[in-house]
Amino acid sequence: MSARHFLSLMDCTPDELVGLIRRGIELKDLRNRGVLFEPLKNRVLGMIFEKASTRTRLSFEAGMIQLGGQAIFLSPRDTQLGRGEPIGDAAIVMSRMLDAVMIRTFAHSTLTEFAANSRVPLINGLSDDLHPCQLLADMQTFHELRGSIKGKTVAWIGDGNNMCNSYIEAAVQFDFQLRVACPEGYEPNAKFLAMAGDRVQLMRSPQEAVAGAHLVSTDVWTSMGQEEQAAERIKLFQPYQVNAALLDLAAKDVLFLHCLPAHRGEEISEDLLEDPRSAAWDQAENRLHAQKALLEFLVEPAYHHA
Ligand code: CP
Ligand code: NVA
């Protein structure tokens, strides 16, 4: 199958990624100025959600409509996927009817299996391993508010989860230094660490990780699918809460990002999203603009008139 997929930040070159960020900023400006831009008229995105979502669903759905196309929400509960139809078969059929597909799932292999059988681009809307669309929004937000991230220091605090793995890929692709502070046993996947080499430093101390950092980010301590571990994780992750005092150790112009949803009082202090150093609301909005740039990049433009 020849379609171009976006399952990971490594599916694009660094230049393409910077191009997507720049385009996201342009599309945001077009929308703010009320300019109609509909290159994907008549194009249809299918969205399979095996996990809950607010931002990802809304940003893809609204984004497709704004680009002139449409999006269809599909859940395993009311498709044959929930009744055991193989994902490869679903990919063959769905990709004959749709122009692109987005999947939010558990095992990353669901995405690779779909992609291997799909005629149309597949986008990773989050897997247990990676959340690359979120990184497009995060990188756009940093770029808008602080300029290029190249050569900067980024601190990831807390769980070595799917978001952390995508930050590791971002460190390689956007050329920044990443410090990951996590409790023992909750390190990011060794495969991503090995790929990143000395781009990423692993440490235990959040204070050490944020010292002089230009960007600090964290995420929930219990990701979707880990609910039964929640009580144990809350105890273990206590020293990893990001709060104003921790950010005081970072660079003066540090930016704080959180992919949301946030658990106030757990991974962040009650008031952190209101701290002037937090850009989490802009970051959430940028999911829309960054993904519109991605859709424009991946999906064939409008049909010709007969
Ligand atoms: N950040 C993010 O992906 O949010 P949702 O789970 O609401 O889509
Ligand atoms: N790590 C979180 C991200 C949610 C957007 C999860 O996978 O649940």
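The values are calculated or read from the model by the stated rules, or taken from the named source; none is laboratory data. Given the structure is predicted, the values throughout are model-derived calculations rather than measurements. Every residue, glycine as well, gets a Cβ built from its backbone with ideal geometry; the counts of neighbours run over all protein chains shown.
Here are the numbers:
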{"item": "Matching residues in region 223-267 - criterion: being crowded, with 21+ Cβ neighbours inside 10 Å, in a loop (DSSP other than H, G, I, E, B) and within 16 Å of ligand 1 (Cβ to nearest atom)", "result": "Cys259, Glu267"}
{"item": "Close pairs from region 150-171: first in a strand (DSSP E or B), partner within 15 Å of ligand 1 (Cβ to nearest atom) and of a type in the set (Gly, Ala, Ser), Cβ under 7 Å, at least 6 apart", "result": "Trp156/Ser217"}
{"item": "One residue from Leu40, Leu74 being over 17 Å from the mean Cα position of the chain (by Cα), within 16 Å of ligand 1 (Cβ to nearest atom) and farther than 29 Å from Ala171 by Cα", "result": "Leu74"}
{"item": "Residue check, Leu40 surrounded by 14 or more Cβ atoms within 10 Å (Cβ to Cβ) and in contact with a helix residue (DSSP H, G or I) (Cβ under 6 Å, 6 or more places away or on another chain)", "result": "no"}
{"item": "For Met224: the one exception among (1) touching a Gly at 6+ places or on another chain (Cβ under 8 Å); (2) within 16 Å of ligand 2 (Cβ to nearest atom); (3) of a type in the set (A, V, I, L, M, F, W, C)", "result": "(1)"}
{"item": "Every pair of residues 6+ apart whose Cβ atoms lie under 6 Å, when the first sits in region 197-215 and is touching a residue at least 12 places away in the same chain (Cβ under 8 Å) and outside any loop (DSSP other than H, G, I, E, B) while the second is crowded, with 17+ Cβ neighbours inside 10 Å and charged (D, E, K, R)", "result": "Gln201/Arg179; Ala209/Arg179"}
{"item": "Meets criteria (charged (D, E, K, R), surrounded by 21 or more Cβ atoms within 10 Å (Cβ to Cβ) and either more than 16 Å from ligand 1 (Cβ to nearest atom) or modelled with pLDDT of 95 or more (or both)) for Asp159", "result": "yes"}
